[in-house]
Amino acid sequence: MKSGHPETAQAGIARPPHGPRIVVVYSQRPPGNPHGHEATSQNHIAERVAALLGYSYAGEYDAAARYDLPLYFVPRETIPDAAHAASLGLRSEHDLFGGVVPQPYVASKVITHPLPLADCAAPAAWSHAFGQQVHGVVLPGYSAFSREDALRAGRALLEQGAVRIKLASGIGGSDQSVAADLAALEQQIGALDEAQLRLGGVVLERNLNDVVTHSVGQVRIGRQVASYCGIQHVTRNNAGQEVYGGSDLLVANGDFEALLALPHAPEVSAAVAQACTYHRAALACFPGLLASRCNYDVAQGTDDSGMWRSGVLEQSWRIGGATGAELAALKAFQADPGLRVVRAATTEVYGGVAPPPDAEVYFNGIDRHVGAITKYTRTMPYAHP
């Protein structure tokens, strides 16, 4: 039997409405780099979740093991369908930190935009209603599942400026390109793998210049809820390439309404409102969706005509780059129930860099794929009532 570490008895722990459990990390497939920075950080996140809940922690889930308490899962990826979730016993947001989607395509960025035409190729159970409900809070764009449909969508978008092409399988800024004219569009769409297109799809949307990317999200652990907005920043990796460098968050103790009630610059208020609309539409249009952790990337910038635009790019219903800051904020709220707002940040820096003395370190070492990298979180109290 697996029981993990002894359960803590810390005062103020916001337990869900049931008895003790064991927290496990869940992988749909073994991590390709189990000792690398991503897997190690995810393990640290699961330990932090266990501490917040006052649960024991037993590491990686073992399907052959007998556990002496019910399990609470921290999946490395979004659980891709209802049958998979049922096999693990996931019935509500109190069973996991992350997300469950009813069909695999719902976890990807293709849900953000409609099809070029209603009868275009699409996954089974494609939601036309979602695209209609989020039309006003996303950038102009389409999702496509064939070269023919992608070209049709791209030609329509090119009439107003350059088009960004994004494979559904891409993470962050990977697997993306920009087409400024028809020749470039045809070349880039022609280079896509037809089988991959049928399986996952591609997004084509208005390209923006001088982009600022906002993160808007919410975490629910036990009876604790925190909602946040913030800015992502980039850094240079050991190869000199620009990559994700962390997030600076403003976190409210409560639901999205608590976040919206804070004073914000107009562009931040716009990003939060757009993310809220997207979030509500997802819950309404995808029955069976569970999301105890959600994050929405909102891009703001100017298009080729000089028009300023703001729109949700994609969703994340799994642990991500900002999760360390989200959990640090929950820890601060747990320690001081009168605290209503905190600032929290995650930082990823490459090379041999020492973290600040007040940082909670998630990884500090050599990753065999990316080299030396340090990942840490810090919190800064913001305001009491």
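The values are calculated or read from the model by the stated rules, or taken from the named source; none is laboratory data. These figures come from a predicted structure and were not determined experimentally. As a convention, Cβ positions derive from the backbone with ideal geometry for all residues, glycine included, and neighbour counts pool all protein chains shown. The protein model used for the area step is the full one, side chains on, heavy atoms only, and it has no ligands, DNA or RNA in it. Shrake-Rupley method; radii C 1.70, N 1.55, O 1.52, S 1.80 Å.
Only residues that are touching a Leu at 6+ places or on another chain (Cβ under 7 Å), of a type in the set (Gly, Ala, Ser) and part of a loop (DSSP other than H, G, I, E, B) were counted in region 93-137, giving 1. Only residues that are part of a strand (DSSP E or B) and touching a Lys or Arg at 6+ places or on another chain (Cβ under 7 Å) were counted across region 207-222, and they come to 1.
Yes or no: region 92-106 includes at least one residue that is open to solvent by 50 Å² or more (accessible area, probe 1.4 Å) and under 30 Å from residue 57 (Cβ atoms). Yes, there is a match, as at least one residue in region 92-106 is open to solvent by 50 Å² or more (accessible area, probe 1.4 Å) and under 30 Å from residue 57 (Cβ atoms). Cβ contacts < 6 Å: first residue in contact (Cβ under 8 Å) with a residue 24 or more places away in the chain, restricted to region 112-138; second residue open to solvent by 70 Å² or more (accessible area, probe 1.4 Å), any location; separation 6+ or different chain. Result? As it stands, the answer is 116/152, since those pairs meet every condition given. Here residue 247 meets each of (1) in contact (Cβ under 8 Å) with a residue 60 or more places away in the chain; (2) small (Gly, Ala, Ser); (3) within 29 Å of residue 37 (Cβ to Cβ); (4) open to solvent by 30 Å² or more (accessible area, probe 1.4 Å) with one exception, condition (4).
Filtered by the rule that a residue be under 14 Å from residue 186 (Cβ atoms), small (Gly, Ala, Ser) and touching a helix residue (DSSP H, G or I) at 6+ places or on another chain (Cβ under 6 Å), region 145-169 gives 150, 154. Report yes if residue 314 is among the acidic types (Asp, Glu), without any contact (Cβ under 8 Å) to a residue 60 or more places away in the chain and either open to solvent by 40 Å² or more (accessible area, probe 1.4 Å) or not in a loop (DSSP other than H, G, I, E, B) (or both), otherwise no. Against the criterion (among the acidic types (Asp, Glu), without any contact (Cβ under 8 Å) to a residue 60 or more places away in the chain and either open to solvent by 40 Å² or more (accessible area, probe 1.4 Å) or not in a loop (DSSP other than H, G, I, E, B) (or both)), residue 314 does not qualify. For residue 337, the conditions (1) open to solvent by 60 Å² or more (accessible area, probe 1.4 Å); (2) closer than 17 Å to residue 245 by Cα are fulfilled apart from (2).
Kindly provide the set of residues from region 341-385 that are part of a strand (DSSP E or B), under 13 Å from residue 237 (Cα atoms) and of a type outside the set (S, T, N, Q), ordered by number. Answer for region 341-385, where residues must be part of a strand (DSSP E or B), under 13 Å from residue 237 (Cα atoms) and of a type outside the set (S, T, N, Q): 348, 349, 350, 366, 367, 371, 372, 373, 375. If I filter region 264-276 for residues that are over 16 Å from residue 310 (Cβ atoms) and surrounded by 17 or more Cβ atoms within 10 Å (Cβ to Cβ), do I get at least one hit? No, the conditions are met nowhere in region 264-276. Considering region 250-263, the residues that are open to solvent by less than 20 Å² (accessible area, probe 1.4 Å) and among the small types (Gly, Ala, Ser) include one that is farthest from residue 329 (Cα to Cα), namely 254.
Residues that are in a strand (DSSP E or B), touching a residue at least 60 places away in the same chain (Cβ under 8 Å) and either crowded, with 18+ Cβ neighbours inside 10 Å or hydroxyl-bearing (Ser, Thr, Tyr) (or both) within region 226-242 comprise 226, 228, 230, 232, 235, listed in sequence order.
A quick yes/no check of all residues on (1) open to solvent by less than 20 Å² (accessible area, probe 1.4 Å); (2) within 21 Å of residue 367 (Cα to Cα); (3) more than 22 Å from the chain's Cα centre (by Cα):
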{"residue": "54", "(1), (2), (3)": "yes, no, yes"}
{"residue": "60", "(1), (2), (3)": "no, yes, no"}
{"residue": "75", "(1), (2), (3)": "yes, no, no"}
{"residue": "80", "(1), (2), (3)": "no, no, no"}
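Within region 255-297, can you find the residues that are free of Cβ contacts under 8 Å to residues at least 40 places away in the same chain and over 19 Å from the mean Cα position of the chain (by Cα)? Passing the criteria: 257, 260, 261, 263, 264, 265, 266, 269. Take the residues of region 178-213 that are among the polar types (S, T, N, Q) and open to solvent by 40 Å² or more (accessible area, probe 1.4 Å): which is farthest from residue 115 (Cα to Cα)? Among those that are among the polar types (S, T, N, Q) and open to solvent by 40 Å² or more (accessible area, probe 1.4 Å), it is 209. Do you know which residues across region 156-177 are over 30 Å from residue 246 (Cβ atoms), part of a loop (DSSP other than H, G, I, E, B) and open to solvent by 20 Å² or more (accessible area, probe 1.4 Å)? Within region 156-177, 159, 160 meet the criteria. For region 283-311, a residue qualifies if it is of a type in the set (A, V, I, L, M), farther than 18 Å from residue 129 by Cβ and in a loop (DSSP other than H, G, I, E, B), and exactly one does: 307.
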